[in-house]
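Only one structure is covered here, and it is reproduced in the block below.
The values are calculated or read from the model by the stated rules, or taken from the named source; none is laboratory data. Everything numeric here is computed off the predicted structure, so don't read it as measured data. Cβ placement follows ideal geometry from the backbone for every residue including glycine, while neighbour counts extend to all protein chains displayed.
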Amino acid sequence: MVTTADVSIRFIPVDELKFDPQNPRLPGNFDAKDEHEVLRWMLGDASLIELMGSIGQQGYFPGEPLLGVRDHDGKVVIVEGNRRLASTKLLLHPELAPIKKVAVQKVALEAREKPSTLPVLIYPKREDILSYLGYRHVTGIKAWDPLAKARYLQELYDIEPEVNGGQESKFRALARKIGSRADVVAKLLTGLALYEKIEECDFFDIKGLDESHINFSVLTTALNYSNIFSFLGLTSANDPSLQGLEIENLSDLTNWLFAKTHEGKTRIGESRNLSLLSRIVSHNQALKIWKDGASLDYAITFTETPVEIFRKSLFESQAQLKTARDYSHQVAKPEKSYMDILNDIRAIARDVMVIMEERQKLE
Amino acid sequence: MTKIENIANLESLPKPKSEHLWADYIELLALQNLDSEMTRADLLSRVQERKDLGEIESVGLNEESNGATVDDKLDLFINDCFMQIEYRIGAFEDVYPFMLAEKGRILRRKEKLSSLNKLYVFFLLAANLRYINEKRRHDITSMFEIASLEALKNYLPRNASTILFGSNPRNTNERYKGKLSKKIFNLAEDLHERPLIQEEDVDERNSGDAGLDIVAYLPFEDKAEGMLYIFCQCACSEDWVSKQHDCSHQAWENKIKFTSLFPHMVFMPFCFRDATGRWFDHLKIYKSILIDRVRLINLLKNNPESVIDIGDLPTVDEYLSERETLF
């Protein structure tokens, strides 16, 4: 067992650090000693550009040293941290990129930091590091939930200096720091702003509602629907200033998403029902009925959706029945249940036909 | 973040369980990428990133099932999407503007695009209007009707006549411009059939097309009733399934007295195939002859002069010059 006393942390020039030829990420039939090939493989498979952006923006975080062992030529083989090593090598030598050349050049050119040395914990033997690798790459570090990520981003946003290009440039700078995309950052921050607004309004006095009962992901998912953010008075789902927010509508939405009925359910139920809600809020009559307490299924009948469902269901039933007919001669021993189902289908078809004929007469 | 004035905004993910649309999405992303390439890992990280926004849920990949974790399912799904791309390389041959590199891990745009390559890009944009700036959509859909018309001409014998019936700003035939009632009367006349409507039956403000975009017919030299004709619809949106009968015999038999039943075709820019080249979902097709991206390209590639303008549309060139920002 290696103790902390047996290992030492050193800042070693990047050019003296080598990739691990036994890296389990690399494919079997691969010349892992060829640095060019390792970079080619990693650029194609390991989303290095984001990591390069992050290191290039804020430097290498010394709290996360690489783990390595000394090789016979005096250089250090990095057993843990090959992606970070590859990113740093490419920041220093973007011309080494065999693929994604333009992106690598661009990130290297825009980088504020290009660490020429990296902190490495040097272990006596490769085996000493292996058991730790299992925890890191198989079990993995528990990622923050979306709310935690959004709160972290808010902290970063608040300390990020103002830049030319306004809010969008600031989102982009944050995205670069965390290796994400500006629109994802903007949407998480907008979700957080809504969440904090709900908190600020004392959860709209909804009985039993507090922080622990609000699922942040439901809010960000709702923001994916343009009808829903328009209903809130917002012009974009990517604007944490919440310009135009109509508090009353946020109160309504909070109620629908999170308030529990006496049966312990919310009015929306599962998040996939948000697509129905998005149709309802964009339709005046449906919205009125929904606000009056109607169920989702009933309110949706006041939108265009039912006609779409009717047409689609009709064509699909016809096609499915045709398939059943095509295969019917293969059924040697029909079960009684088949006859029951067929009778049922006939009765349903007759009912639909009667309704359609009535409608035609009314026309 | 893509700017609003850009032609495309690729922020949201395609619909669930539709690998052919995801293959399109990969192609669209490759065209916008700084290096004009898209790796499997790039797509995976893009999808995973959107997990926090609840989008991954909407594409139906959020549940663990049969012992497969969400990551396993994503990996498998992305593999299926790349299999679609492998199929396309074979199906479209030289017309396909991409190639697979690095042992199939990267989809890369070809460096120089021919007019036919650009025609493919045009169909790709037409099939993905949800990503296209609203101001550009109408131009694309009306041009798609022209491309469909040219494809149909190549499919039919030389003596076939074609009519652009849809309300298309590029229509130069005065007989088929303006009021719907006038167009129906003229159509009946051209087909040597009898109209069943009176002028007052159709609202005079109606200059629509009643679901009919193109008509092709094979005239005889005499004027007697009865000839071959095909009614066609052009559909760039995914609701083509429920609208595929808008130009069928049944839908039109109350407007014109037809001598005989006729077939109807649906032209669509989608590559509506699975990775083996069969229809992606044959249950969605009923009594329609489907002309999807594969058939369109096959019909047009031997007569590229007729559609060269389409591939060189400003929208296509502008899209090809747009690049998504890195972060």
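Of all the numbered requirements in (1) within 14 Å of chain A (Cβ to nearest Cβ); (2) at pLDDT 95 or above, residue B:246 misses one, and that requirement is (2). The requirement of being part of a helix (DSSP H, G or I) and either modelled with pLDDT of 85 or more or surrounded by fewer than 21 Cβ atoms within 10 Å (Cβ to Cβ) (or both) is satisfied by residue B:83.
Given the criterion under 30 Å from residue A:233 (Cα atoms) and either surrounded by 13 or more Cβ atoms within 10 Å (Cβ to Cβ) or away from every other protein chain (no Cβ under 13 Å) (or both), identify the matching residue among A:275, A:337. Steps first, answer last, please.
Details: A:337 fails: under 30 Å from residue A:233 (Cα atoms).
Criteria check complete, one pass: A:275.
In the set B:144, B:220, only one residue is more than 30 Å from residue B:121 (Cα to Cα) and either within 14 Å of chain A (Cβ to nearest Cβ) or among the aromatic types (Phe, Trp, Tyr) (or both); that residue is B:220. Can you confirm whether residue B:123 is buried (at least 18 other Cβ atoms within 10 Å of the Cβ), assigned by TED's automatic domain parsing to the domain that holds residue B:32 and closer than 21 Å to residue B:170 by Cα? So residue B:123 passes the test. Close Cβ contacts (under 8 Å, 6 or more residues apart or on different chains) running from residues in segment A:124-141 that are part of a loop (DSSP other than H, G, I, E, B) to residues that are of a type in the set (S, T, N, Q) comprise A:126/A:22. Taking every residue in segment B:145-168 that is acidic (Asp, Glu) and pairing it with any residue that is outside any strand (DSSP E or B), at least 6 positions away or on another chain, the pairs with Cβ-Cβ distances below 6 Å are B:145/B:166; B:145/B:168; B:145/B:213; B:150/B:306; B:150/B:307. All of A:174, A:91 fail the test of being closer than 30 Å to residue A:242 by Cα and buried (at least 19 other Cβ atoms within 10 Å of the Cβ), apart from A:174. For segment A:28-53, filtered to residues that are touching a Phe, Trp or Tyr at 6+ places or on another chain (Cβ under 9 Å) and more than 9 Å from chain B (Cβ to nearest Cβ), the residue that is nearest to residue A:172 (Cα to Cα) is A:42. Can we say residue A:99 is within 14 Å of chain B (Cβ to nearest Cβ), under 30 Å from the mean Cα position of the chain (by Cα), in a loop (DSSP other than H, G, I, E, B) and surrounded by 14 or more Cβ atoms within 10 Å (Cβ to Cβ)? So residue A:99 passes the test.
Can you confirm whether segment A:147-163 contains a residue that is of a type in the set (Val, Ile, Thr), surrounded by 12 or more Cβ atoms within 10 Å (Cβ to Cβ) and either in contact with a His (Cβ under 7 Å, 6 or more places away or on another chain) or modelled with pLDDT under 90 (or both)? Give the steps one after another, and end with the answer.
Quick first cut of segment A:147-163, residues of a type in the set (Val, Ile, Thr) only: A:159, A:163.
Cutting the leftovers down to surrounded by 12 or more Cβ atoms within 10 Å (Cβ to Cβ) gives us A:163.
When the remaining residues are screened for being either in contact with a His (Cβ under 7 Å, 6 or more places away or on another chain) or modelled with pLDDT under 90 (or both), the result is A:163.
The answer is yes; a qualifying residue exists.
Applying the criterion of being among the hydroxyl-bearing types (Ser, Thr, Tyr) and within 14 Å of chain B (Cβ to nearest Cβ) to the residues of segment A:319-334, the residue that is farthest from residue B:287 (Cα to Cα) is A:327.
With respect to the conditions (1) away from chain A (no Cβ under 14 Å); (2) surrounded by fewer than 18 Cβ atoms within 10 Å (Cβ to Cβ), residue B:238 lacks only one, and its number is (1).
Candidates in segment A:229-245 are the residues that are farther than 23 Å from residue A:145 by Cα and within 13 Å of chain B (Cβ to nearest Cβ); of these, the one that is farthest from the chain's Cα centre (by Cα) is A:235.
Results for (1) under 21 Å from residue B:305 (Cβ atoms); (2) out of contact with any Lys or Arg (no Cβ under 9 Å at 6 or more places or on another chain), shown as yes or no for each residue.
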site	(1), (2)
B:85	no, yes
B:95	yes, no
B:102	no, no
B:129	no, no
B:139	no, yes
B:147	yes, yes
B:164	yes, no
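Residues that are under 15 Å from residue B:145 (Cβ atoms) and in contact with a Lys or Arg (Cβ under 8 Å, 6 or more places away or on another chain) within segment B:283-309 comprise just one, B:306. Quick check on segment B:286-301. Is at least one of its residues touching a strand residue (DSSP E or B) at 6+ places or on another chain (Cβ under 6 Å) and within 14 Å of chain A (Cβ to nearest Cβ)? Scanning segment B:286-301 turns up at least one residue that is touching a strand residue (DSSP E or B) at 6+ places or on another chain (Cβ under 6 Å) and within 14 Å of chain A (Cβ to nearest Cβ).
Please verify whether segment B:303-326 includes one or more residues that are of a type in the set (A, V, I, L, M), within 14 Å of chain A (Cβ to nearest Cβ) and free of Cβ contacts under 8 Å to residues at least 60 places away in the same chain. First the steps, then the outcome.
Taking segment B:303-326 as the starting set, the residues that turn out to be of a type in the set (A, V, I, L, M) are B:307-308, B:310, B:313, B:316, B:320, B:326.
Right, trim to within 14 Å of chain A (Cβ to nearest Cβ) and you get B:326.
Checking the rest, the ones that are also free of Cβ contacts under 8 Å to residues at least 60 places away in the same chain come to none.
No, because not a single residue in segment B:303-326 is of a type in the set (A, V, I, L, M), within 14 Å of chain A (Cβ to nearest Cβ) and free of Cβ contacts under 8 Å to residues at least 60 places away in the same chain.
Once segment B:1-19 is narrowed to residues that are surrounded by 14 or more Cβ atoms within 10 Å (Cβ to Cβ) and at pLDDT below 80, the residue that is nearest to the other protein chains (Cβ to nearest Cβ) is B:1.
Filtered by the rule that a residue be assigned to a loop (DSSP other than H, G, I, E, B) and away from every other protein chain (no Cβ under 12 Å), segment A:150-190 gives A:160, A:161, A:162, A:163, A:164.
The set of residues in segment A:315-334 that are out of contact with any helix residue (DSSP H, G or I) (no Cβ under 8 Å at 6 or more places or on another chain), among the hydrophobic types (A, V, I, L, M, F, W, C) and surrounded by 12 or more Cβ atoms within 10 Å (Cβ to Cβ) contains only A:324. The residue that is farthest from the other protein chains (Cβ to nearest Cβ), counting only those in segment B:93-126 that are outside any helix (DSSP H, G or I) and among the hydroxyl-bearing types (Ser, Thr, Tyr), is B:114.
To keep it simple, each residue is scored yes or no on (1) assigned to a strand (DSSP E or B); (2) buried (at least 20 other Cβ atoms within 10 Å of the Cβ); (3) modelled with pLDDT under 95; (4) in contact with a Phe, Trp or Tyr (Cβ under 7 Å, 6 or more places away or on another chain).
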position	(1), (2), (3), (4)
B:223	no, no, yes, no
B:229	yes, yes, no, yes
B:242	no, no, yes, yes
B:251	no, no, yes, no
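Looking at segment A:114-130, can you tell me whether even one residue there is more than 26 Å from residue B:324 (Cβ to Cβ) and within 14 Å of another protein chain (Cβ to nearest Cβ)? So that I can check it myself, show each step before the final result.
Step one: list which residues in segment A:114-130 are more than 26 Å from residue B:324 (Cβ to Cβ), which gives A:115-130.
Subset that is within 14 Å of another protein chain (Cβ to nearest Cβ): none.
For segment A:114-130, residues more than 26 Å from residue B:324 (Cβ to Cβ) and within 14 Å of another protein chain (Cβ to nearest Cβ): absent.
Per the conditions (1) at pLDDT below 95; (2) out of contact with any helix residue (DSSP H, G or I) (no Cβ under 6 Å at 6 or more places or on another chain), the sole criterion not satisfied by residue B:166 is (2).
Any residue that is among the basic types (Lys, Arg) and either over 22 Å from residue B:38 (Cα atoms) or part of a strand (DSSP E or B) (or both) - is there at least one of those in segment A:34-54? Within segment A:34-54 (the criterion being among the basic types (Lys, Arg) and either over 22 Å from residue B:38 (Cα atoms) or part of a strand (DSSP E or B) (or both)), the answer is no, since none of the residues qualifies. In segment A:275-300, the residues that are in contact (Cβ under 8 Å) with a residue 24 or more places away in the chain and at negative phi form Cβ pairs under 9 Å with partners that are in a loop (DSSP other than H, G, I, E, B) and of a type in the set (Gly, Ala, Ser), at six or more places apart or across chains, as follows: A:296/A:269. Looking only at segment B:269-319, count how many residues are of a type in the set (D, E, K, R), modelled with pLDDT of 85 or more and not in a helix (DSSP H, G or I). Qualifying residue count for the region: 6.
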